[in-house]
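Engineer: Have a look at the structure that comes next, please.
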Amino acid sequence: MKRIGLLTSGGDAPGMNAAIRAVVRTAIYFGMEVYGIERGYAGLMDDIVIKQEMRSVSNIVQCGGTKLRTARCLEMLTKEGQEKAVKTLEKHGIEGLVVIGGDGSFRGAKVLSEQYGVPTIGIPGTIDNDLQYTDYTLGFDTAVNTCLDIINKLRDTMTSHERVSVVEVMGRHCGDIALYSGIASGAEIIVVPEISFDLENIVARINRSRANGKHSNIIVIAEGVMSAEQFAKKLQSITTHAVRPTCIGHVQRGGSPSMADRMLAAQFGNKAVRLLRDGIGNRAVGIHDNKIIDMDIIEAVSMKKKFNYQLYETLQMISM
Ligand code: ATP
């Protein structure tokens, strides 16, 4: 394969730029040409295709966001849109495509490979960590670290005023950001879409911790359950402790990627290009048991995400 394309799609995630750099530099190392498609699949509709050189990706390894920008593209869900995408690839002589994005973006990649024969490689770039086939997605570690920074600050002020903080983090269907930031920040309670909650139990847990000498409480809630504001209102109606909601919001999606995310980006990008170079397409790259892996992209998107109940129990035991 001599010429490949590369796009970022769906929600942005820290580490996407580092992955772009790894793809571009690995391809050039192997004597391949790389074309960057701006604004995800929308760039294929509008033919925004730009050749990437060694220096096009200088000084971006540390930058959040994505230099190729990203978009949601409804046209890609239609047959006409998909045909347009394939025409653009053909026009530029692009023989294979690397898609950096979440499960939706992978579904687009799957259509291109399954129905139009375009070899595609998916790199999991999403802060949600909602793909079962890989232990971690790109951007998750940085997003959790951003949450930790904010929760640490909230703990300071909540302790001074003896309050309960309800902190809303991202995660529509997947509670991993809440789970990991809850454990790592020492939050007493997490509320996630995977497990139903009982307000009376939560109040009992808060009261128990106060009786044990605690001066504040942190509850981390995933956005998919409800907003921090709604939850704080419900909680306040049945407790005398002062409750304060905070929504972390889009801050989670930005910022310089952590070491862990830069390492993933380097390895995912490198692996994606090696696969295309060897004529292998329709794969998703990931990490499992500390090893970089690849698997059938259709299988990867079909796997149902499992919640880590063991980690949840650990939090229950150690955060009192
Ligand atoms: P995140 O996890 O951050 O939301 P994502 O990749 O899952 O990222 P989506 O908005 O679900 O984000 O998908 C991104 C784009 O992928 C869509 O706007 C659309 O262009 C394309 N896409 C999603 N689902 C399909 C599908 N079934 N067929 C073809 N293209 C799709």
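Engineer: Residues being within 16 Å of Ala178 (Cα to Cα), assigned to a loop (DSSP other than H, G, I, E, B) and of a type outside the set (A, V, I, L, M, F, W, C): count how many of those fall in segment 235-249.
Structural biologist: 0
Engineer: Just to verify a result, which residue in segment 8-29, among those that are assigned to a helix (DSSP H, G or I) and within 16 Å of the ligand (Cβ to nearest atom), is farthest from Asn145 (Cα to Cα)?
Structural biologist: Out of the qualifying residues, it is Ile20.
Engineer: Right, something else. Filter segment 72-90 for residues that are under 18 Å from Gly11 (Cα atoms) and modelled with pLDDT of 95 or more and give the result.
Structural biologist: Matches in segment 72-90: Cys73, Leu74, Glu75, Met76, Leu77.
Engineer: A further question follows. Given the conditions (1) within 16 Å of Val273 (Cβ to Cβ); (2) surrounded by fewer than 18 Cβ atoms within 10 Å (Cβ to Cβ), report the number of the one that Arg55 does not fulfil.
Structural biologist: Of everything listed in (1) within 16 Å of Val273 (Cβ to Cβ); (2) surrounded by fewer than 18 Cβ atoms within 10 Å (Cβ to Cβ), Arg55 misses just condition (1).
Engineer: Then there's this: Those residues that are at positive phi, part of a loop (DSSP other than H, G, I, E, B) and within 12 Å of the ligand (Cβ to nearest atom), I need them from segment 31-86; list them, please.
Structural biologist: Arg39, the sole residue that qualifies.
Engineer: Give the number of residues within segment 72-110 that are in contact with a strand residue (DSSP E or B) (Cβ under 8 Å, 6 or more places away or on another chain) and either among the hydrophobic types (A, V, I, L, M, F, W, C) or free of Cβ contacts under 8 Å to residues at least 40 places away in the same chain (or both).
Structural biologist: 8
Engineer: Among Val251, Val285, which is under 19 Å from the mean Cα position of the chain (by Cα) and within 22 Å of Leu6 (Cα to Cα)?
Structural biologist: Exactly one of Val251, Val285 is under 19 Å from the mean Cα position of the chain (by Cα) and within 22 Å of Leu6 (Cα to Cα), namely Val285.
Engineer: Would you check if Asp135 is closer than 30 Å to Val111 by Cα and within 16 Å of the ligand (Cβ to nearest atom)?
Structural biologist: It is false that Asp135 is closer than 30 Å to Val111 by Cα and within 16 Å of the ligand (Cβ to nearest atom).
Engineer: Here's a follow-up. Mind listing whichever residues of segment 250-308 are in a loop (DSSP other than H, G, I, E, B), among the small types (Gly, Ala, Ser) and farther than 13 Å from Thr120 by Cα?
Structural biologist: Those that are in a loop (DSSP other than H, G, I, E, B), among the small types (Gly, Ala, Ser) and farther than 13 Å from Thr120 by Cα: Gly254, Gly255, Ser256, Ser258.
Engineer: I'd like the full set of residues that are small (Gly, Ala, Ser), within 13 Å of the ligand (Cβ to nearest atom) and outside any strand (DSSP E or B), limited to segment 93-128.
Structural biologist: Scanning segment 93-128 gives Gly102, Gly104, Ser105, Gly108, Ala109, Ser113.
The values are calculated or read from the model by the stated rules, or taken from the named source; none is laboratory data. Not measured: the values here are computed from a predicted model. Reconstructed Cβ throughout: ideal geometry from the backbone, glycine too, with neighbour counts over all protein chains shown.
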